[in-house]
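Working notes, structure below.
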Amino acid sequence: MENQLKKNENLITIFVSILSLLLFGLFLFTSKSILSPILLYVLILIFYLLNKKEEVVKNVFLLSTIIFLTWFFYEILSILTPFLIAFILAYLLNPFVLFLERKKIPRLLGTTISIFAILLIGGLILSFIIPPFIEQIGLLISSAPQKISELNEFFNRQVLPDLNRLGVIYPEFQKFISTELPSKLNSLLNGIFNNILSVISGVSVVFNQIVNLIIIPVMTFYFLKDFDKILKAFLKLFNSDFQNKLLDISSRIDRIFGNYIRSFLMVSLINGTIVTTGLTLIGVPYAVVLGLLSALLNFIPYFGVIISFSIGFLISILSGVSGLNLILVPVVYFGENLLESSLIVPKIIGEKVGLHPLLILFAIFVFGYFGGIVGMLVSVPVTALLVSIVVDKKD
């Protein structure tokens, strides 16, 4: 009887704790005043200090701290943005600096070389790629209605009569091609390219809020110069057992996620360069836009090349590309893909993430459903990381 009462008491305590945490989280993220959540957390801290011997109080305080920190970082996200960008750049550049260190180049000099290389690449992108990209996006948006109208006229004049003669066309399909498809294509193209422009505009706003573009390279320099020291100082905040867990998780993330991202950034750069050059040589308009789109979608296995080719081929038709040049459009896309899969990827990435193709496809669909394009982009490394954790747990 006494055990049953104790069990019921524990269940009530757990229920009250969970309910309190939910209310605390709701209060944090809906409160209009930034001061109120801080005061509430201070009260929780005082309560914890007075009752820290109680196990339930410890757990509630730990979870409250996690919720509070999540809210706090969410509130100051705009302030943290340059720090996050600088840390990510330092993380991506750290292997290169370590490589230079192994070649007997001091870390300070290696860091300086890395920063200058990034500034040079960034300057080249801002000077030679971004201006034509924005110009071509604007031209594409302004000419889209006319090109779609021409495509619709071509279907009505040549394609539909031929299909009718073959007996494979239905009135509903004919109506869809003649009336609904043009407006849908127009909306689709406008949606795609307006989203691209809004992303560019959003990035510009982020950088304009910073004092100037110098601040991120400066912070990246200091992060990169003392990368190992910063990580060691962070680990010292925790006890030795938790340090080992963090080291295991971070090394796993770096091995799978970090290496994948670094390698595919290089592969995507090559992809975008080849596609842009190929399309330019055969006279396809908007080659810079299509090349950058191909580089971005290259992160999506299997579907990336199909999506980028479909958009490129459609734009080629709408832009009046015909004859041999139109035939060469798929040659550029799928030729690059063949070169990439047979030579570039094995050389740069080596062994892939080790996932079965069916699992990759499943991950792309699931992540795409919940996260859209961004979800599809991170689907493979995140899935590989989860599989690695599950396999290690089983072992």
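No lab work stands behind these numbers, since they all come straight from the coordinates. Remember, it's a predicted structure, so these values are computed and weren't measured experimentally. We place every Cβ from the backbone using ideal geometry, glycine too, and count neighbours over all the protein chains shown.
A few remarks follow.
- Fraction of the pair-distance distribution of region 246-308 above 20 Å, Cα-Cα pairs, percent: 38 percent
- Gap separating the Cα centres of region 354-387 and region 223-245, nearest whole Å: 30 Å
- Histogram of C-alpha separations across region 121-161, 10 Å bin width, %: 26, 27, 22, 16, 8, 0
- Judged by the ratio a/c of the largest to the smallest principal axis of the C-alpha gyration tensor, region 87-166 counts as prolate, that ratio being 1.5 or greater while a/b is larger than b/c.
- DSSP-loop trypsin sites (Lys or Arg not before Pro) across region 38-78, with at most 10 other Cβ within 10 angstrom: Lys53
- Protection proxy ranking, highest mean first, for peptides 287-293, 231-237, 82-88: 287-293, 82-88, 231-237, where packing is the per-residue count of other beta-carbon atoms within 10 Å, averaged.
- Distant alpha-carbon pairs in region 238-395 (separation over 22 angstrom), percent: 49 percent
- Unsatisfied cross-links (Cα-Cα over 29 Å) in the set Lys225/Lys245; Lys58/Lys229; Lys52/Lys236: Lys58/Lys229
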